[in-house]
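Everything on this sheet refers to the single structure shown next.
The values are calculated or read from the model by the stated rules, or taken from the named source; none is laboratory data. Remember, it's a predicted structure, so these values are computed and weren't measured experimentally. Ligands, DNA and RNA are excluded from the accessible area calculation, which covers all protein heavy atoms including side chains. Shrake-Rupley method; radii C 1.70, N 1.55, O 1.52, S 1.80 Å.
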Amino acid sequence: MGVVVGVSSEGDKEDAILIPDQDFVKKNKFSVFTGVLIGALIFVITALFWITAYIPWSERAPFVLCIIIGIFIFFHGLIVYFQPPKIYSLEVVINGKQSSSILPLRQIL
């Protein structure tokens with residue numbers, strides 16, 4: 001499969017990396033764009049139905065869930081397509097004091 005998974009021999013030293021590697025994205029661009037398209041369609045169709053149809057206040061929860069799922073699928077497809085770096089160095093300066101840390105982006109996202 002095209003997913004990179006961290007191997008840990010001593011407990012939980014390294015978490016699994018769940019973002020597909022670059023070769024997987026190149027081979028399966030159709031599936032990546034399909035995810036983005038499906039997420040956008042779920043969001044747009046739900047929003048249009050919500051706007052045009054009368055929905056009582058007490059029955060809006062399923063539509064909110066569909067909108068959240070559509071946004072989730074859409075952004076998940078974008079993250080897979082744009083391939084964020086594995087590690088990001090974050091440097092923050094507050095009141096003259098500098099703090100830096102390294103964020104494992106692929107493990108967080």
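Roll a 1.4 Å probe over the protein heavy atoms and report the accessible area of TYR81 in Å², nearest 10.
Here the accessible area works out near 80 Å².
According to the square roots a ≥ b ≥ c of the eigenvalues of the Cα gyration tensor, what is the shape class of region 28-103, taking rounded for a/c under 1.5, prolate for a/b larger than b/c otherwise, and oblate for the remainder?
oblate
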